[in-house]
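Here is the structure we will look at, set down as structure tokens.
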Amino acid sequence: MKGFPKISPMGERGVLIEFAPIIDEILLQEILFFKNKLENLYIKANVEVINTYNSLLINYLFSIEDVYGEISKLKKLFENAKIEKISDQKIVYLPVCYDEDFGWDLEFISKEKDLTKEEVISLHTAPLYTVYFIGFLPGFLYLGGLDEKLQISRKKQPRLKIEKGAVGIGENQTGIYPKSSPGGWQILGNCPVNLFDKNANPPFEISSGDKVKFERVSKAEFQEIREQILEGKFQLKKEKYEG
Amino acid sequence: MKAKLKVLQPGLLSTIQDFGRRGFQKYGVPSSGAMDKNASKTANLILQNDANAATLEITQMGPKLEFEAAAKIAISGADLSPKLNDSKIENNEIIKAEAGDILSFGRPIIGMRAYLAIKNGFQLEKILESRSWYAEITENTKLEKGMTLTYLSSEEEKIETHTSVKYNDAYLESENLSVFPGPEYDNLPETLKSHLRQSAFSLDKNNNRMAIQLSEILKNELDPIITGPVLPGTVQLTPGGKLIVLMRDCQTTGGYPRVLQLSEDAINTIAQKKTGDKIRFKSAPIPKG
């Protein structure tokens with residue numbers, strides 16, 4: 001699209017690179033290609049690059065001395081780039097228990113959408129969801145790819161407490177609550193895996209551009225995974241994503 | 001020798017902070033760190049500590065703390081009437097405390113947040129490369145009665161009596177915040193732009209380490225944006241017309257239009273403001289290109 005990317009300073013220590021205001025998987029691949037490129041460019045400098053749906057933010061440790069020099073350097077990089085396919089993306093399989101003990105709103109969703117509970121669950125487990133980015137809270141995944149048939153408004157009255165690991169739907173988004181918190185999403189199930197581990201390095205195994213597949217597990221399997229996690233024996237199922 | 005600083009009374013809100021976490025925003029982890037980094041740095045430099053050493057950020061009503069062994073300390077930032085035992089002590093000086101001494105605070109005189117540095121820094125565990133307390137990351141989130149903070153006693157070391165560190169404290173009382181246009185600034189109508197430049201705004205009671213809300217209501221016609229990156233110092237305009245200044249513990253992304261971005265100095269300045277205080281936005285000089 002014309003006029004994009006738009007590169008501008010964001011305060012003294014940030015440069016914001018904005019792409020077309022759309023949520024789109026091809027755009028995400030382009031953004032992640034540039035993100036890799038920027039990380040390689042600044043490999044020795046202390047910068048942090050984060051992406052969202054349509055932006056890259058370069059966060060510098062110190063104030064940028066010559067902002068416009070920096071921006072023109074970046075402009076050249078974007079103009080001359082040949083976008084290549086990213087090769088290090090993976091599929092992460094996340095177990096979800098849709099038992100009624102966890103799926104507080106399954107009944108409501110199925111009535112509202114005129115689907116059986118089984119249909120709701122299979123529509124939710126079918127897609128290969130795309131991780132656009134992680135934000136909002138430590139370890140919160142912004143996922144794309146929810147089936148339109150499952151899109152549903154948030155609850156009018158948010159719940160005061162939603163369990164950690166709760167899997168829910170709010171409008172066109174689905175995701176997992178990384179910690180107990182108040183929230184308005186319609187809840188379908190629970191994922192027993194601790195995705196964010198502050199004592200691990202990196203603390204989180206999923207990156208922007210990865211794919212997530214929800215795998216239905218029974219309540220017994222859910223308990224078993226919980227025990228494996230406590231014993232430190234649980235291994236997250238992952239494989240390379242070939243696109 | 002390791003020694004403990006014992007919390008006799010916790011005060012309103014005190015937390016351990018350094019310069020915060022870098023490199024984990026891509027996992028949704030806030031940067032955290034001292035609200036007023038200038039004051040935290042100053043307190044450390046007075047003691048010849050690393051500028052990034054952990055200090056105790058003390059908000060408005062200070063704690064009462066007891067030293068287990070001799071220590072050298074310095075306090076910078078807000079004047080919260082610090083006392084060692086029964087004697088008043090000064091900010092921005094090296095203070096020598098003996099075993100059994102009690103550090104306490106009184107009435108807040110100037111500013112909102114004071115920083116207590118201790119020679120060699122507080123010896124606390126680093127999590128994700130920082131000692132800054134934050135609810136999702138560290139076990140402790142605020143000072144509690146009976147808690148202890150570990151430090152290295154500095155009994156053996158010779159005492160320096162004066163310091164060459166200069167601390168200009170004019171910003172503690174300044175209303176002026178130097179700001180840059182935010183990513184959505186250009187979408188604002190001219191009337192709102194000049195309103196932002198010319199009016200005084202006041203701090204709402206909703207002000208904490210995550211964000212400072214301003215009380216005034218603006219007429220906002222901007223649409224929400226596709227969730228995008230935000231930083232400490234980003235000023236958002238909510239659909240209800242309120243300005244929210246994001247602070248050190250802010251989320252990493254947000255969906256409200258980002259109308260202004262505070263300079264680093266301005267973040268330190270607003271960190272020293274309390275409910276009801278006035279601030280004004282002043283355009284920061286644009287760097288030469």
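Throughout, read-outs are computed from the coordinates displayed, never taken from laboratory work. Owing to the predicted nature of the structure, the values given are computational and were not obtained by experimental measurement. Cβ: placed from backbone, ideal geometry, glycine included. Neighbour counts: every protein chain shown.
Some observations on this one:
- Relative to the dominant Cα principal axis of chain B, helix B:37-46 is inclined by about 20°.
- Summed side-chain charge close to A:Ile134 - residues other than A:Ile134 whose Cβ falls under 12 Å, Lys, Arg +1, Asp, Glu -1: -1
- Among beta bridges that DSSP assigns inside the protein assembly as shown, antiparallel share in %, nearest 5: 90 percent
- In segment B:127-219, trypsin sites (Lys or Arg not before Pro) in a DSSP loop with at most 13 other beta-carbon atoms within 10 Å: B:Lys145, B:Lys158, B:Lys166, B:Lys219
- Between the helical axis of A:219-230 and the longest alpha-carbon principal axis of chain A there is an angle of about 50 degrees.
- Legend: calculated FRET efficiency, A:Ile26 to A:Lys90, from the Cβ-Cβ distance at R0 = 22 Å, rounded to 0.05, equals 0.70.
- Farthest positive-ward along the protein assembly as shown dipole, Cα basis, beta-carbon charges - from B:Leu188, A:Gly170, B:Gln17: B:Leu188
- Under 5 Å between amide hydrogens, built in the peptide plane, is the criterion, and for B:Glu93 it picks out B:Ile75 among residues at least 5 positions away or on other chains.
- Residue-count net charge about A:Phe102 - beta-carbon cut-off 9 Å; Lys, Arg +1, Asp, Glu -1: -3
- Spatial separation of Cα centroids for segment B:84-133 and segment A:160-198, in angstrom: 39 Å
- Size of charge dipole - the protein assembly as shown - debye, nearest 20, with Cβ of Lys, Arg +1 and Asp, Glu -1, no other charges: 660 debye
- Put a plus charge on the Cβ of each Lys and Arg, a minus charge on the Cβ of each Asp and Glu, and nothing anywhere else: the dipole of segment A:1-130 about its Cα centre is then about 960 debye.
- With Cα atoms, 0 to 90° folded angle of helix A:67-79 axis to chain A main axis: 70 degrees
- Pairs of alpha carbons in chain B whose separation is greater than 29 Å (percent): 36 percent
- Dipole magnitude of segment B:174-283 about its Cα centre (Cβ charges: Lys, Arg +1; Asp, Glu -1), debye to nearest 20: 320 debye
- Under-27-angstrom lysine pairs by C-alpha in segment B:221-289, whenever the two are 8 or more apart or on separate chains: 6
- Cβ-based charge dipole, the protein assembly as shown, positive-most Cα from A:Asn59, A:Val49, B:Ile102: B:Ile102
- Entry note, segment A:6-80: relative contact order of 37 percent, from Cα contacts under 8 Å with a spacing of 6+ residues.
- Prolate/oblate/rounded label for segment A:1-64 (Cα gyration tensor, a/c 1.5): oblate
- Segment A:167-208 residues near the modelled A:Phe234 label - backbone nitrogen below 12 Å, point 7 Å along Cα→Cβ: A:190-197
- Fraction of antiparallel bridges per DSSP, chain B only, in percent to nearest 5: 95 percent
- Of the residues A:Gln186, B:Val7, A:Val120, the one whose Cα sits farthest towards the positive end of the charge dipole of the protein assembly as shown is B:Val7 (charges of +1 on Lys and Arg Cβ, -1 on Asp and Glu Cβ, taken about the Cα centre).
- DSSP bridge pairs, segment A:90-240: antiparallel proportion in percent, nearest 5: 75 percent
- Calculated diffusion of chain A, Stokes-Einstein form, Kirkwood radius summed over Cα pairs, 37 °C and 0.692 mPa s, µm²/s: 167 µm²/s
- Rounded to whole numbers, the Karplus 3J(HN,Hα) couplings from phi for segment B:4-21 are 10, 9, 9, 8, 7, 9, x, x, 6, 7, 10, 9, 7, 9, 10, 7, x, 9 Hz, using 6.51 cos²θ - 1.76 cosθ + 1.60 with θ = phi - 60°, and x at Gly and Pro.
- Oblate is the label for segment B:182-237, because a/c, from the alpha-carbon gyration tensor with a ≥ b ≥ c as root eigenvalues, is 1.5 or above and a/b does not exceed b/c.
- Residue pairs, from the table A:Lys35/B:Lys205; A:Lys75/A:Lys237; B:Lys64/B:Lys126; A:Lys111/A:Lys213, whose Cα atoms sit over 32 Å apart: A:Lys35/B:Lys205; A:Lys75/A:Lys237
- Convex hull volume of the protein assembly as shown per residue (C-alpha atoms, cubic angstrom): 170 Å³
- Working from label points 7 Å from Cα in the Cα-to-Cβ sense, the A:Ile43 to B:Glu125 distance is 3.4 nm.
- Sorted by Cβ density within 10 Å, fewest first, the residues A:Arg13, B:Arg113: A:Arg13, B:Arg113
- Charge tally in the Cβ shell below 15 Å around B:Lys26, where Lys, Arg are +1 and Asp, Glu are -1, B:Lys26 excluded: -2
- FRET efficiency for A:Lys75 and B:Ser283, using Cβ-Cβ distance with R0 set to 30 Å, rounded to 0.05: 0.80
- Normalised contact order of chain A, rounded percent, pairs of Cα under 8 Å and 6 or more residues apart: 21 percent
- If the chain linking B:Thr238 and B:Glu93 were pulled fully straight, counting 0.36 nm for each residue of separation and taking away their Cα-Cα distance, it would gain 47.9 nm.
- CD proxy at 222 nm, helix term only [per DSSP H run n ≥ 4: -39500 (n - 2.57); per residue of the protein assembly as shown; nearest 500]: -5000 deg cm²/dmol
- Residue-span extension gain [B:Thr148 to B:Asp186] - 0.36 nm each, minus C-alpha spacing: 8.7 nm
- Based on C-alpha pairs under 8 angstrom that are at least 6 apart in sequence, segment B:137-275 has a relative contact order of 27 percent.
- Volume of the Cα convex hull of segment B:174-283, divided per residue and given in Å³: 86 Å³
- One Cα centroid belongs to segment A:1-79, the other to segment B:209-254; the line between them spans 22 Å.
- Shown here for segment A:1-45: GluC sites (Glu not before Pro) in loop regions (DSSP other than H, G, I, E, B) with at most 13 other Cβ atoms within 10 Å, of which there are none.
- Sites B:Lys166 and A:Lys213, calculated FRET efficiency, Cβ-Cβ separation with R0 60 Å, nearest 0.05: 0.55
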